[in-house]
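Below: the structure, in structure tokens.
Where a number appears in this text, it was derived from the coordinates with a stated rule and is not lab data. Owing to the predicted nature of the structure, the values given are computational and were not obtained by experimental measurement. Ideal geometry is used to build each Cβ from the backbone, glycine not excepted, and the neighbour counts take in all protein chains shown.
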Amino acid sequence: HRGHLAGQPIDQLVLADLAAPRPDLLADSRVQARVGRLLDQARALGDEHFDGVFHLASAVSGECEADFDLGLTSTLDSTRALLDALRGQVNAGAAPSRLVFSSSVAVFGPDAAVPLPAIVTDTTLPTPQTSYGIQKHICEHLVADYTRKGYIDGRSVRLMTVTVRPGQPNGAASSFFSGIIREPLAGVESVCPVAPEVSHPVSSPQRTVDGLIAVYEASRTAFGGRTALNLPGLNITVAQMLEALERVAGPAVRARVRFERDERIAGIVARWPAGARADRAAALGLLPEANFADIIRQ
């Protein structure tokens, strides 16, 4: 829709994903699809030169915790393969590609030796307590080192939990943050697997996309160093989310949500931060939504 990125016209957009994109996206002659695992495609992608790369691919949190090998392959190995493909472009004489890597607020967690603060910031020491968070944090360091060596111009951003996501529930432990809003609005009952008082930072899909683009377009100086930054999020409890749902859609819609604790999901969520602050993102003009009702109305 924008037609440009960082002041340059978009001549080609390549979507590399496990699933084919919607046909309407491919109706634009500038859009091409590469369908398959990123790990299998990385070498071929390295034969093309891309000015910019948004690396969003990963197994989701619940999948990484349940299937250790899947997490290593889809998150860590695929990222390393992509970075090496971009490194190959530079070794062949091309300019470094600008890369935005989507990390996660899951890089933060409570460690016995390093207590987790109530609000994590850009300078909070990451001590991830899930396989997903650890794999994302390793990738942050890889992006930083490939940037230091001049192979890429890399920027890692820690996404807050994105809600309300469209589509169907997935294997993410955070999937219910969208499900308890999306399903009731569609007339479907939803189960919340954690307690009402659970707090977590969330961001709308649009605000998240805006953040990824702003970080890509920022100068190296404005981004500030090579370490990852937090994207903005709204710190909110599950109870507050449901109160907003009732204000927007009414008590009958709110009544479609029931609480039924799932120990596996609750255990994962308990190892994530209750709140976050994004000072570096704010310096780029990025702010969280004012309230959750606005997110629901989107």
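Beta carbons within 10 angstrom, averaged per residue: use that to sort the peptides 206-212, 178-184, highest first.
Final packing ranking: 178-184, 206-212.
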For the chain: span of alpha carbons on each principal axis (Å, largest first): 60, 51, 38
At 7 Å along Cα-to-Cβ for each site, give me the label-to-label distance between S219 and V35 in nm. 4.4
Using a 7 Å offset from the Cα along the Cα-to-Cβ direction at both A266 and L18, what is the distance between the two label points in nm, to one decimal? 2.8
If R0 = 45 Å, then Q240 and D11, at their Cβ-Cβ distance, give a FRET efficiency to the nearest 0.05 of 0.50
Using only DSSP helix segments of four residues or longer, with each worth -39500 (n - 2.57), what per-residue ellipticity at 222 nm results for the chain after dividing by its residue count and rounding to 500? -10500 deg cm²/dmol
Could you list which residues have their amide H under 5 Å from that of I152, counting only those 5 or more apart in sequence or on another chain, with H placed in the peptide plane? T147
Going highest first, how would you order 57-65, 141-149, 246-254, 70-78 by mean Cβ packing within 10 Å? 57-65, 70-78, 141-149, 246-254
Over 26 Å apart: what share of the alpha carbon pairs of segment 2-117 falls there, rounded to a whole percent? 31
Working out 0.36 nm times the residue gap between Q168 and A293, then minus their Cα-Cα distance, what length gain in nm do you get to one decimal? 42.9 nm
Would you work out the Kirkwood radius for segment 1-52? I mean one over the mean of 1/r across all pairs of different Cα atoms, in Å. 12.2
Order 122-128, 186-192 from most to least packed using the mean count of other Cβ atoms within 10 Å. 122-128, 186-192
Label K149 and D279 with points 7 Å out from Cα along Cα→Cβ: what is the distance between them in nm? 3.2
Which value, in debye to the nearest 20, describes the size of the charge dipole of the chain about its Cα centre when Lys and Arg Cβ atoms bear +1, Asp and Glu Cβ atoms bear -1, and nothing else is charged? 420
